[in-house]
1. Which of the residues spanning region 22-53 are aliphatic (A, V, I, L, M), farther than 24 Å from residue 82 by Cβ and in contact (Cβ under 8 Å) with a residue 60 or more places away in the chain?
2. Identify, from the list 57, 48, the residue that is in the same structural domain as residue 96 (by TED's automatic domain parsing), modelled with pLDDT under 90 and surrounded by 15 or more Cβ atoms within 10 Å (Cβ to Cβ).
3. Restricting to region 4-35, and then to whatever is out of contact with any Ser or Thr (no Cβ under 6 Å at 6 or more places or on another chain) and among the charged types (D, E, K, R), can you tell me which residue is surrounded by the most Cβ atoms within 10 Å (Cβ to Cβ)?
4. Do we have any residue at all in region 65-74 that's out of contact with any Cys (no Cβ under 7 Å at 6 or more places or on another chain), in contact (Cβ under 8 Å) with a residue 60 or more places away in the chain and surrounded by 12 or more Cβ atoms within 10 Å (Cβ to Cβ)?
5. From the list 93, 12, which residue is out of contact with any Lys or Arg (no Cβ under 8 Å at 6 or more places or on another chain), of a type in the set (A, V, I, L, M), farther than 21 Å from residue 122 by Cα and in a helix (DSSP H, G or I)?
6. Out of region 15-26, which residues are assigned to a loop (DSSP other than H, G, I, E, B) and in contact with a helix residue (DSSP H, G or I) (Cβ under 9 Å, 6 or more places away or on another chain)?
Amino acid sequence: MTSDTSCKIDGVIERYDLESADPIYDSINEGLLARWTGAGKRTAMGYRSLTEWFNKRLLQVVYDKHGRETLGARLDSDYEILTSDDDLVGEEVTESLRVDGIDSDRLERDLVSWGTMRTHLKECLDGHKEPQTASTNWEQESIRKATEIAEEKTESALSALANKGTLAGGETADVDVQIQLSCQSCPTRVPFDVALERGYICEDHNTQQVSRN
């Protein structure tokens, strides 16, 4: 297992002293790999859920250091707001963080994306995850592979643009390719994984029951 000092996640781990922040594993990187691959008969976690887990560990450490309450749904609620597009509610939370002595701008910048998590697991930690063998999820697997291919091609194109001097910082940019699904009857748009989890795209126009295999 190796680490890259240019990796954002390694930088965050060092900045906030998160090396021992995993409650189960000896190091947080060991925990990230184990959770991603499903080691020890654990249920394997995807990039998004693992990214949320990491970011919430970061919030937990910062909140504990500054004596900010984390009981109940406080931490989950703050995280949802900090990663949402609701500027009005977000300002209320960031102001509350400042009152508790927390640099909200720095904290928000240090929250990582799932694209960064993917790169960290595969490149920094040399992780490898065996593909699912179950044929019942071939649809989800096909979309996942298509998304990964789109990310890789985009990263390659950005790097080329950076080398040409057309796009400064392109070679280090985080790429987040997301499949968005739109309702045919209204402006509702949701990420594919959200729609799949709840079984419909739009609650008002797609409320038929679906079977979960």
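The values are calculated or read from the model by the stated rules, or taken from the named source; none is laboratory data. Because the structure is predicted, anything quoted here is derived from the model rather than measured. Quick reminder, even Gly has a Cβ in these numbers, built from the backbone with ideal geometry, and neighbours come from all protein chains shown.
1. Hits for region 22-53 are 33, 44.
2. 48
3. The selected residue is 35.
4. Among the residues of region 65-74, not one is out of contact with any Cys (no Cβ under 7 Å at 6 or more places or on another chain), in contact (Cβ under 8 Å) with a residue 60 or more places away in the chain and surrounded by 12 or more Cβ atoms within 10 Å (Cβ to Cβ), which makes the answer no.
5. Every option except 93 fails the conditions.
6. Selection gives 16, 17, 18, 19, 20, 21, 22, 23, 24, 25.
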